[in-house]
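All remarks here apply to the structure that follows.
The values are calculated or read from the model by the stated rules, or taken from the named source; none is laboratory data. Just so you know, these numbers come straight off a predicted model, no measurement behind them. Reconstructed Cβ throughout: ideal geometry from the backbone, glycine too, with neighbour counts over all protein chains shown. To get the accessible areas, we keep the full protein, side chains included, count just its heavy atoms, and leave off ligands, DNA and RNA. Shrake-Rupley method; radii C 1.70, N 1.55, O 1.52, S 1.80 Å.
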Amino acid sequence: MRTKFALIGCGGMGFRHLLGYIEYLRHDKNLDLVALVDFNEKSSSFLSDQYYEHTGKRLDIFKNYNELITSNISLDSVDIATTNDTHHEISSWAMKQNLHVMCEKPVALSIKLANELIDVQNKSGKKFAVFENFRRDPINRFTKFIIDSEKFGEVLYAYDFESSFSQGKVMHGTGWRAKKNKGGGIVLDAGIHNADLLLYFLGPVKFVNGQSKILLPQRKLITMEESNHNLKKFYGHRIEDYESSISINQDAVDTVICSIVFESGALGSVLISDAIPNLKFNESWIHGSKMSLKRSNSRSGKPISLKINEKNYEGEKLFDLFPNFELDSSTQQVFGNFDYSGFDISFEDYDKKLIALEYLDFINSLKNDSNPEVGIIEGISSLSLAYSFIESGYVEGQINMSDFSSNGNQKYLI
Ligand SMILES: NC(=O)c1ccc[n+]([C@@H]2O[C@H](COP(=O)([O-])OP(=O)(O)OC[C@H]3O[C@@H](n4cnc5c(N)ncnc54)[C@H](O)[C@@H]3O)[C@@H](O)[C@H]2O)c1
């Protein structure tokens, strides 16, 4: 029996999930998309037409996720790609309706709400997969392999600086991303990927200290079409809640500069911003006692490089150093053999392959009755780390990560 699911949220990422699901179907058939849900019927109809073009199959369309139950369609799970403020409400509802959950990051808008999901999941016994895509990049899998190896030595220091100067625009032309109580802000919405990767590579964090600020509170809301963004193809159909071309007051933090102490003893520095004029920069390093690794920008396909005693190692030289690296079978199935020189794949293809891997991970967790790679617990860890970057600036002091992620007291969200 195939596992039937409904995709809830048919905006930009909902469309990318649909393309990722179509890619998934090339590798596995156990998941069966049966319905689409969005407040805006124009968005769900667009996805439905796209799906029909690719597969010749029509999908049921609903405006409200409650109708998935009242309509009596047969369903086993939901896939949530709605705005961040709705993840907790829809995923709790789903588990209480006896449905498994796949959910975009962040697992919830606040740490308190995310912690509540643990109890709901324990009572329901349902699977919960957080769609955290960056760690599934084959180049990030290789990065992890190197850092965990003896040859890398002790991990000493991680440096992660990402500044994507927005020229005063709201990210992705989506008004909700300007509002902390709708999306958390860029440091949460995009920075959660930085947080998840730091945790994936270096393990749990003990303390965070830092500064956070809204550097650019007045933002222009410009649609993707107008801004000619590279994601415009995915967002062209979506309906914006706010009037287009207006100025929005952004109350979400847009810049953090932090220091991290990992439980292992390693140190880290993080900058995340979309507000520093003319600073467009994305560079991350991990330094071990025996070598340093320059990370690839996730989803770029660009290779990593190593520095050992001042000498650079790239491409096939990495094979000589790490000949035993192998991708797991799902990643190999979707991406083919690992290429030490990187992957020359368009963003659209890269993106859909990573999303296909998320569907494969979810279906494997059902088949094997195991946990998906990123579940509620891992989702809370990255949520807490991303929010700690902001919170340390608000409380003007050090954040103790284990207290912060369990008590969930966030001055920022009050
Ligand atoms: N993993 C990634 O790389 C990545 C990238 C972009 C977005 N995302 C995540 O995907 C989610 C969606 O982001 P987006 O950029 O597509 O936003 P979006 O505004 O384009 O899409 C959100 C859609 O959800 C619909 N919606 C909101 N609440 C709903 C509800 N209660 N019931 C039904 N429909 C509802 C809206 O009408 C809209 O169509 C966010 O959680 C975001 O963090 C993840």
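Checking V130 against (1) away from the ligand (no atom under 12 Å from the Cβ); (2) part of a strand (DSSP E or B); (3) in contact with a Gly (Cβ under 7 Å, 6 or more places away or on another chain), only one condition comes out false. Which one?
Failing condition for V130: (1).
Taking Y65 as meeting all but one of (1) closer than 20 Å to H17 by Cβ; (2) away from the ligand (no atom under 11 Å from the Cβ); (3) surrounded by 21 or more Cβ atoms within 10 Å (Cβ to Cβ), write down the number of the exception.
The number of the failed condition is (2).
Considering every residue within the range 179-188, establish whether at least one is crowded, with 23+ Cβ neighbours inside 10 Å, within 30 Å of S406 (Cα to Cα) and polar (S, T, N, Q).
There is no residue in the range 179-188 that is crowded, with 23+ Cβ neighbours inside 10 Å, within 30 Å of S406 (Cα to Cα) and polar (S, T, N, Q).
Scan the range 168-221 residue by residue and report those that are within 25 Å of I248 (Cα to Cα), of a type in the set (G, A, S) and touching a helix residue (DSSP H, G or I) at 6+ places or on another chain (Cβ under 9 Å).
Within the range 168-221, G173, G175, A178, G183, G184, G185, A190, G191, S212 qualify.
Quick test of your reading of the structure: A81 fulfils all but one of (1) in contact (Cβ under 8 Å) with a residue 60 or more places away in the chain; (2) within 16 Å of the ligand (Cβ to nearest atom); (3) surrounded by fewer than 17 Cβ atoms within 10 Å (Cβ to Cβ). Name the failing condition by number.
Failed condition: (3).
Quick check on this structure: which one of S45, S91 is away from the ligand (no atom under 11 Å from the Cβ), part of a helix (DSSP H, G or I) and under 19 Å from F362 (Cα atoms)?
S91
Given the options I139, I118, name the one that is more than 11 Å from the ligand (Cβ to nearest atom) and not assigned by TED's automatic domain parsing to the domain that holds G12.
Exactly one residue qualifies, and that residue is I139.
Taking the conditions exactly as written (surrounded by fewer than 23 Cβ atoms within 10 Å (Cβ to Cβ) and within 16 Å of the ligand (Cβ to nearest atom)), does I239 satisfy them or not?
So I239 passes the test.
Output the number of residues of the range 119-136 satisfying the condition of being touching a residue at least 60 places away in the same chain (Cβ under 8 Å) and either open to solvent by 50 Å² or more (accessible area, probe 1.4 Å) or of a type in the set (D, E, K, R) (or both).
4
If you go through the range 170-206, how many residues are part of a helix (DSSP H, G or I) and closer than 30 Å to S245 by Cβ?
Counting residues in the range 170-206 that are part of a helix (DSSP H, G or I) and closer than 30 Å to S245 by Cβ gives 18.
Condition test on E162, is it outside the structural domain of E104 (by TED's automatic domain parsing), away from the ligand (no atom under 16 Å from the Cβ) and modelled with pLDDT of 95 or more?
Answer is no for this residue.
Working only within the range 289-307, note down all residues that are of a type outside the set (S, T, N, Q), surrounded by fewer than 20 Cβ atoms within 10 Å (Cβ to Cβ) and part of a strand (DSSP E or B).
Those that are of a type outside the set (S, T, N, Q), surrounded by fewer than 20 Cβ atoms within 10 Å (Cβ to Cβ) and part of a strand (DSSP E or B): K294, K307.
Considering only the range 220-229, I want to know if a residue exists there that is surrounded by fewer than 23 Cβ atoms within 10 Å (Cβ to Cβ), within 16 Å of the ligand (Cβ to nearest atom), part of a helix (DSSP H, G or I) and among the hydroxyl-bearing types (S, T, Y).
Scanning the range 220-229, I find at least one residue that is surrounded by fewer than 23 Cβ atoms within 10 Å (Cβ to Cβ), within 16 Å of the ligand (Cβ to nearest atom), part of a helix (DSSP H, G or I) and among the hydroxyl-bearing types (S, T, Y), so the answer is yes.
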